Amino acid sequence: MGRKNELMSSTELRTKIIKMGHFVKRYINGYYDEEFDLINPSLYCNNISSKLFPSEHKYKQTIIQEDSIIIIMQDGDIVELVRTGREYFNEESILNVAKKLLSGRYLLIEKRGIINNSVIEPRTIPYDEAILEIKKAFRWDEYYTENIDFLINTENKDLATIGFKAIDEGDSYWWINIYGLNNRQNLNLKDEENIKRPKIIQSNRFRTHMEVHKRDFIIPYYKLVQYALNKGYFDNLNTDFLAIIVEFPFNIGFSTLTQTKPGDEIVYGKRKNRDIYSRFTLNGKRKLINKSIFVLNRSYTKDNEYYLITMYPGEYLVKELDDPSIKDELERRKMFEFWSNHAIIFNPRDTDLETLTYRCPYNLDLIS
């Protein structure tokens, strides 16, 4: 993934953002927010400065990736700036690009109204007409524009797209896409916005339960849920009850589960609102990580709705030793093996202190 997690000065961050390209899209907690023109900001210059270039006291984590920058704000918002394939071209340079991408391919043109959202269905066009449409984008009546922004997409080797704005004779504003296909069967014009995401429900019971875990997160857990949902991490849920590990491109909190070694001071007790004993260590230190466990249960009435049961920073999908959901002796032995050299870092605020004991309440010697 090429992730580089660091905290840089606002001047360094501004330089990194400016070098991203002509246009960047901004997402907040996974939601698309706005696209910014860094070359010709025009009257929006001050607005861009306040939205794209935060001052140092407003953010606490920056993650530099190949085509994006993620900024974790002090309030926990996850701001992601993404480089787009949109950039400025003069007429000669875009015609050279068009010749390379469109020549010899099966071509379609699609028009979408920018103001009224009308759509003219895609139709086939010859190469010469495609070139003429691109040339017309630089001209309006007697006016000629030197540079125009085009959106170039070549991610799919079988489909190249050139997108641009244009004005027709009736002064209507259109967004035009010209598709160049190696095979006419490969065209897929579905918008990403039409993907049906599952509904993730955070019930009052879940929020009450999360009072125990929320101090382990450095980003508010509900903002992580938003981000994970909008990034598609929950798109392939297909069972009634499941626990998954989600790896984020940034640190999200502290894991309280650690390995133990001989000589560590071990105690046992019940965590608040729990009925079973946990194994605690008095020696370990919390570890900052970028992974979270999500436990979900599908709604009885709607297949595309899931209730969050719990979530916490972590990288191990394990059950407590006395968990009644352990299904058989094989799983129980695996849990015994795991917990014989792992423990939860003791925190008196989260523990029923009256249950503490040095005596092991279960038999770890069952491991053969």
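It is to be established whether one or more residues within the stretch 260-268 are assigned by TED's automatic domain parsing to the domain that holds residue 359, farther than 30 Å from residue 81 by Cα, part of a loop (DSSP other than H, G, I, E, B) and in contact with an Asp or Glu (Cβ under 9 Å, 6 or more places away or on another chain). Outline the logic, then answer.
Applying the first criterion (assigned by TED's automatic domain parsing to the domain that holds residue 359) to the stretch 260-268 yields 260-268.
When the remaining residues are screened for being farther than 30 Å from residue 81 by Cα, the result is 260-268.
Adding the requirement that they be part of a loop (DSSP other than H, G, I, E, B) leaves 260-265.
Cutting the leftovers down to in contact with an Asp or Glu (Cβ under 9 Å, 6 or more places away or on another chain) gives us none.
No, every residue in the stretch 260-268 fails to be assigned by TED's automatic domain parsing to the domain that holds residue 359, farther than 30 Å from residue 81 by Cα, part of a loop (DSSP other than H, G, I, E, B) and in contact with an Asp or Glu (Cβ under 9 Å, 6 or more places away or on another chain).
Looking at this structure, is residue 99 outside any strand (DSSP E or B), among the charged types (D, E, K, R), outside the structural domain of residue 25 (by TED's automatic domain parsing) and at pLDDT 90 or above?
yes
Going residue by residue through the stretch 102-119, is there one that turns out to be in a helix (DSSP H, G or I), modelled with pLDDT of 90 or more and not assigned by TED's automatic domain parsing to the domain that holds residue 253? If you could, list the steps in order and put the result at the bottom.
Restricting attention to the stretch 102-119, the residues satisfying the condition of being in a helix (DSSP H, G or I) are 102.
Subset that is modelled with pLDDT of 90 or more: 102.
So of that shortlist, the ones also not assigned by TED's automatic domain parsing to the domain that holds residue 253 come out as 102.
Checked against the condition, which is being in a helix (DSSP H, G or I), modelled with pLDDT of 90 or more and not assigned by TED's automatic domain parsing to the domain that holds residue 253, the stretch 102-119 yields at least one hit.
What pairs can you find where one residue is in the stretch 115-143 and under 26 Å from residue 99 (Cβ atoms), the other is polar (S, T, N, Q) and surrounded by 12 or more Cβ atoms within 10 Å (Cβ to Cβ), and their Cβ atoms are less than 9 Å apart, with a gap of 6+ or different chains?
Once the first residue is under 26 Å from residue 99 (Cβ atoms) and sits in the stretch 115-143, its partners that are polar (S, T, N, Q) and surrounded by 12 or more Cβ atoms within 10 Å (Cβ to Cβ) give 122/177; 127/103; 138/90; 138/147.
Can you tell me which residue is modelled with the highest pLDDT among those in the stretch 347-368 that are hydrophobic (A, V, I, L, M, F, W, C) and within 13 Å of residue 277 (Cβ to Cβ)?
Filtering first and then ranking leaves 356.
May I ask you to list the residues in the stretch 125-144 that are under 19 Å from residue 175 (Cβ atoms), at pLDDT 90 or above and not in a helix (DSSP H, G or I)?
Step one: of the stretch 125-144, the residues under 19 Å from residue 175 (Cβ atoms) are 125, 129-140.
Pick out the ones that are also at pLDDT 90 or above and you get 125, 129-138.
125, 137, 138, listed by residue number.
Which one of the conditions (1) modelled with pLDDT under 95; (2) hydroxyl-bearing (Ser, Thr, Tyr); (3) over 23 Å from residue 357 (Cα atoms); (4) surrounded by 15 or more Cβ atoms within 10 Å (Cβ to Cβ) does residue 277 fail to meet, given that it meets all the rest?
Against the list (1) modelled with pLDDT under 95; (2) hydroxyl-bearing (Ser, Thr, Tyr); (3) over 23 Å from residue 357 (Cα atoms); (4) surrounded by 15 or more Cβ atoms within 10 Å (Cβ to Cβ), residue 277 comes up short only on (3).
Do we have residue 71 as surrounded by 16 or more Cβ atoms within 10 Å (Cβ to Cβ) and part of a helix (DSSP H, G or I) here? Break it down into steps so the answer makes sense when it comes.
On the way: surrounded by 16 or more Cβ atoms within 10 Å (Cβ to Cβ): yes; part of a helix (DSSP H, G or I): no.
No.
Quick check on the stretch 284-304: of everything there that is touching a residue at least 60 places away in the same chain (Cβ under 8 Å) and in a strand (DSSP E or B), which residue is nearest to residue 253 (Cα to Cα)?
Top of the filtered list is 288.
Being β-branched (Val, Ile, Thr) and closer than 18 Å to residue 220 by Cα is the requirement here; does residue 18 meet it?
On the way: β-branched (Val, Ile, Thr): yes; closer than 18 Å to residue 220 by Cα: no.
No, not satisfied.
Taking the criterion of being surrounded by 13 or more Cβ atoms within 10 Å (Cβ to Cβ), at pLDDT 95 or above, assigned to a strand (DSSP E or B) and of a type in the set (A, V, I, L, M), would at least one residue in the stretch 158-169 satisfy it?
Checking the stretch 158-169: at least one residue is surrounded by 13 or more Cβ atoms within 10 Å (Cβ to Cβ), at pLDDT 95 or above, assigned to a strand (DSSP E or B) and of a type in the set (A, V, I, L, M).
Restricting attention to the stretch 254-290, which residues are among the hydrophobic types (A, V, I, L, M, F, W, C) and more than 17 Å from residue 314 (Cα to Cα)?
Going residue by residue through the stretch 254-290, those that are among the hydrophobic types (A, V, I, L, M, F, W, C) are 254, 257, 266-267, 276, 280, 282, 288-289.
Across the stretch 254-290, the qualifying residues are 266, 267, 276, 282.
Return a yes/no flag: does the stretch 308-319 have any residue that is among the aromatic types (Phe, Trp, Tyr), at pLDDT below 95 and in a helix (DSSP H, G or I).
no
Between residues in the stretch 195-212 that are of a type in the set (Phe, Trp, Tyr) and residues that are surrounded by 13 or more Cβ atoms within 10 Å (Cβ to Cβ), which pairs lie under 8 Å by C-beta distance while being six or more apart or on different chains?
Sorted first by the residue in the stretch 195-212, then by its partner, the pairs are 206/307; 206/308; 206/309; 206/310.
The values are calculated or read from the model by the stated rules, or taken from the named source; none is laboratory data. Since this is a predicted model, take the numbers as computed values, not measurements. Using ideal geometry, Cβ is built from the backbone for each residue, glycine included, and neighbour counts are taken over all protein chains shown.
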